[in-house]
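See below for the structure under consideration.
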Amino acid sequence: MSGEKRRQEWYADGLNFGCTRCGNCCTGPPGFVWFTEEEGRAIAAHLGVSEAVFFRRYAAKKFGRWSLTEVHRGPDQHDCVFLTRDPEGKAGCSIYPVRPTQCQTWPFWDSNLESADAWAEAAEHCPGMLRGAVVPVEQVRITASRNGFPL
């Protein structure tokens, strides 16, 4: 059975997701927030800095690809450099309108869509999964297809 057919069968009724602004997708153990050079140029413009400044301050080349840098907050806690928190502790993104595709497509990543168990495992760290509004299967597929990075 193909991977696409398997996916269609297990989430044919759609998947629940509604962001709770917990920030868990933007913090945790060291990781990568992959972005393209085009996305980097858009982020630089949004920040009002030159591309050279953006890439020097906020990005690093990892395994031949660009990733946003992280801020070390404590043992096993590394925040995305653009993660913000309001006075109530709700997470935000200071580059939200131009955030990378990897961020835009969470939680509809191939790794989370492999099986119901994979989805449930990811949901252990994301309170918006399993609880939000139903995202129709067609929208899940569209969102997942936008993410060109192997995650």
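The values are calculated or read from the model by the stated rules, or taken from the named source; none is laboratory data. All figures in this text were calculated on a predicted structure; none of them were measured in a lab. Heads up, the Cβs are rebuilt from the backbone with ideal geometry, glycines too, and the neighbour counts pull from every protein chain shown. Just so you know, the surface numbers come from the protein's heavy atoms only, side chains and all, with ligands and any DNA or RNA stripped out. Shrake-Rupley method; radii C 1.70, N 1.55, O 1.52, S 1.80 Å.
Per residue, what accessible area does the chain have, given a 1.4 Å probe and all protein chains present, in Å²?
Details: 8780 Å² over 151 residues.
Roughly 58 Å² per residue, with all protein chains present.
Ignoring everything except DSSP H segments at least 4 long, calculate the 222 nm mean residue ellipticity for the chain; use -39,500 (n - 2.57) per segment, divide by total residues, nearest 500. Let's see the in-between values first.
On the way: 7 runs with 53 residues, N = 151.
Result for the chain: -9000 deg cm²/dmol, rounded to the nearest 500.
At a 4.7 angstrom Cβ threshold, list every cysteine in the chain that has nobody to pair with, or say none.
Taking the Cβ cut-off of 4.7 Å, the unpaired cysteines of the chain are CYS19, CYS22, CYS25, CYS93, CYS103, CYS126.
From the residues PRO87, PHE108, LEU68, which one has its Cα farthest along the dipole of region 37-113 in the positive direction, the dipole being from +1 and -1 charges on Cβ of Lys/Arg and Asp/Glu about the Cα centre?
LEU68
Give me the number: length gained by fully extending ARG141 to THR36, i.e. 0.36 nm times residue separation minus the C-alpha to C-alpha distance, one decimal in nm.
35.7 nm
Using a basic spin-label model with each label point 7 Å from the Cα along Cα→Cβ, how many nm lie between THR20 and HIS125?
Distance between label points: 1.6 nm.
If you take every residue apart from CYS93 with its C-beta less than 10 Å away from the C-beta of CYS93, what net charge results, scoring Lys and Arg +1 and Asp and Glu -1?
Numbers: positive: ARG21, ARG99; negative: none.
Local net charge: +2.
Computing the accessible area with a 1.4 Å probe over protein heavy atoms, can you report the carbon and sulfur percentage for region 55-151?
Numbers: 2990 of 5670 Å².
About 53 percent, which is the carbon plus sulfur part of the accessible surface.
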